[in-house]
Amino acid sequence: MRETLRVRALPAATALAVLFGSAALAVGTAAPAVADTSTPLPVQSSGDIVVDGVHQRVFVSDPTGGQVVATDYAGKVVGSVPSLPGAKGLELSPDSGTLYAAVPGDDAIVAIDTATVTEAERYPTGEGTDPQYPAWAGGKLWFGYGGAAQGNLGSLDVSGADPVVTLKQDGGWYAAPTLTSTPGAPNTLAAGIEGVSPISVAVYDVSSGTAKRTASGPNTDEYTASNLRDLALTPDGSHLVVASGAPYFHQVYRTSDLTPDGKYPTDSYPNAVEIAPDGTVAAGIDGAYSPDVWVYEPGAATAEHIYDFTNTADGTGAGSLAAGALAWAPDESHLFAVVALGTGGYALRDLNDVVQSPTSLTVNAPATATRAKELTVTGKLTSDAAFPSGATLTVTRTDLEFAAGKALAPVTVAADGTYSFKDTPPNGGPVTYTVSYAGDTTHESASAYDTVEVSRTATSLTLNKNGTTYAYGADVTFTAHLGTTYKNREVEIWADPYGSDKPNRLVKSGNVNSSGNLSVTLDLTRDTKLTAKFAGDLRSAPTSVTSRVYTKVQVSTTPSRHYKTKYAWNHTYYYFRKSVDPLFTTKMTYYPGREYRVEVQAYYGDAWHSGDKDYFELESDGVGAIELTGTPSTGVRFRLRSSYIDTDSGDNVNTTTHSSWKYFTFTS
């Protein structure tokens, strides 16, 4: 017949009162650019700008103020010529001795002595002619004139004893055309109408003394520009560059037939263009939120310099470029601009403040490579501004031996910005190639890198005792064994006890002995994961290995309230009166939230049979107590044990551990 007993946990106070004793368990980045100068101008408006290289003066016309103002190259005013109502267009004589100003308000061309900055002569052009925009070509001074729907070309010849004004050279213009010429093509004259859409331009041959139109245009099926603001001839007269409000770049046309032949990229609202004697193109825009002037080598697709009108120290710099207000010094030592200031008024700006163009650099190395074998690294250097021919890049290789980097040979950039170089990495592991461009006056610096994982020889590393179970508090020696390596012989051993309250910690590090071993002895109180680590060296790969060992808990079960003990049936039995509820006290290694399991078995039919099997909370000092209640028959054999069951007892810090069985029986 099966006998059962009910298990009842006692309150903590009672449990403590019946203890026989307890033990406390310990639980454990190019140099900055030079700022350009900006000098206020005593003008009310900006019409045109001309540079006299002989006298090193800059002349600016003021249509609203009816004057021409002269400054030196530093921007200091050295003189002015008044009584020039509406004076806008200016032109310098080939010998730089005379500056010609078209004065529509007086129907005259006024000659100004550039040395004294005084009016030298006034040449009437005829009542109502309204002359504007002079240009020197074919030994004469040409000018556009005429009101709305009456535009025409005229010329002033001052080579003889008496000046000769010739009008009606080429009618049919909607208004007085803007003219431009170049000393390199002395008989070529180009013209265009400002402010109309689409633009209208023409080219003339004036070698005969009269204006012969040789081309009209633009001749294109593409988008035709609108709102012409400025135009300039290349030094050989083969191309005409125009600045129009749209499109947002400076267009280039052949003068032979006025068909498109390229462009200079800028930004919205182009309004000025000036070409230096060597063909360098200065292209400006009326822009508030972008650079203001781009400088291009002839025919280049990317700018050599970019200028942005930021504030100067005296607050006179910020503003926008006035229309047609760019001028080169003949020796190209200066590029001058008239700026309409945001605070009001105008300033003369000598452009030296080059905005460094953003530079992009890429590096492409193979993802993996074999040590001591040659590999190839490629990449590209790009920018909106052209790079100088023969630009070079610095290269640094960083590896396990040279953590600070080792300089390799400089690399020259090809014309298209690409580059490549070869290298043979002597060491394995991560190898980083850092490529850098130092920057220059027109380019920001740039740097980029790519990393190659270079092969290393596999390393043998072992750690013993994996899977072994030990008693609580056992002192266990663990040994890591390191195989052959190149140089490094250091090993680390880490111990990570189970449970979130115990950190993974380094318990031993050092060089292995002559047998390749490194050992450490630990006092085990929990299941523990041990890890041996080898960091690798120049030619040996890093590696690690783990070993998990399991640790039992300390657990005991002690009966009380019995009246005697007796050795019988090969065990010591505890005898209880039938009228007494037996008390069993469990002592176990404590862990927060831990429970212990109590299992009771009865013997009948020549075998032990399980009865109650319940979990009970362990007190904080590692003690628990239970009573057995019921009315069992006398003479029946029982046994009881307490156990820690991995995970089911509330944690996984230790491995499953059972106390010894305690045997007992009841009598009358």
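The values are calculated or read from the model by the stated rules, or taken from the named source; none is laboratory data. Remember, predicted model here, so these are calculated numbers, not experimental data. Reconstructed Cβ throughout: ideal geometry from the backbone, glycine too, with neighbour counts over all protein chains shown.
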Looking at the stretch 418-443, which of the residues that are hydrophobic (A, V, I, L, M, F, W, C) and surrounded by 17 or more Cβ atoms within 10 Å (Cβ to Cβ) is farthest from the chain's Cα centre (by Cα)?
421
So the strands (runs of 3 or more DSSP E) completely within the stretch 541-656 holding 3 or more residues that are in the same structural domain as residue 492 (by TED's automatic domain parsing) and closer than 30 Å to residue 484 by Cβ are 543-551
Hey, does the stretch 223-245 have a residue that's assigned to a loop (DSSP other than H, G, I, E, B) and over 20 Å from residue 190 (Cβ atoms)?
yes
Answer yes or no as to whether residue 135 is surrounded by 15 or more Cβ atoms within 10 Å (Cβ to Cβ), within 18 Å of residue 235 (Cα to Cα) and either under 53 Å from the mean Cα position of the chain (by Cα) or not hydrophobic (A, V, I, L, M, F, W, C) (or both).
yes
Search the stretch 519-560 for residues being surrounded by fewer than 21 Cβ atoms within 10 Å (Cβ to Cβ) and either on the phi > 0 side of the Ramachandran plot or of a type in the set (Asp, Glu) (or both), and hand back the single one that is modelled with the highest pLDDT.
523
With the requirement that a residue be hydrophobic (A, V, I, L, M, F, W, C) and part of a strand (DSSP E or B), what does the stretch 78-95 give you?
78, 81, 90, 92
Can you find even one residue in the stretch 104-122 that is part of a strand (DSSP E or B), within 27 Å of residue 208 (Cβ to Cβ) and not hydrophobic (A, V, I, L, M, F, W, C)?
yes
Could you tell me whether any residue of the stretch 49-71 is touching a helix residue (DSSP H, G or I) at 6+ places or on another chain (Cβ under 8 Å) and at pLDDT 95 or above?
yes
Hey, residue 80 hits all of (1) surrounded by 16 or more Cβ atoms within 10 Å (Cβ to Cβ); (2) in contact with a Ser or Thr (Cβ under 8 Å, 6 or more places away or on another chain); (3) under 15 Å from residue 118 (Cα atoms) but one; which does it fall short on?
(2)
Filtering the stretch 364-393 down to residues that are over 28 Å from residue 537 (Cβ atoms) and hydroxyl-bearing (Ser, Thr, Tyr), which residue is modelled with the lowest pLDDT?
389
Please find, within the stretch 193-213, the residue that is surrounded by the most Cβ atoms within 10 Å (Cβ to Cβ) out of those that are within 28 Å of residue 284 (Cβ to Cβ) and of a type in the set (Ser, Thr, Tyr).
204
Which one is nearest to the chain's Cα centre (by Cα) among residues in the stretch 654-668 that are at pLDDT 95 or above and over 16 Å from residue 597 (Cα atoms)?
663
Of the residues in the stretch 452-471 that are outside any loop (DSSP other than H, G, I, E, B) and in contact with a Phe, Trp or Tyr (Cβ under 8 Å, 6 or more places away or on another chain), the one that is nearest to residue 388 (Cα to Cα) is 452
Taking the residues in the stretch 377-417 that are outside any loop (DSSP other than H, G, I, E, B), of a type in the set (S, T, N, Q) and over 13 Å from residue 454 (Cβ atoms) as candidates, determine which candidate is farthest from the chain's Cα centre (by Cα).
412
Would a scan of the stretch 528-549 turn up a residue that is under 16 Å from residue 589 (Cα atoms) and among the charged types (D, E, K, R)?
no
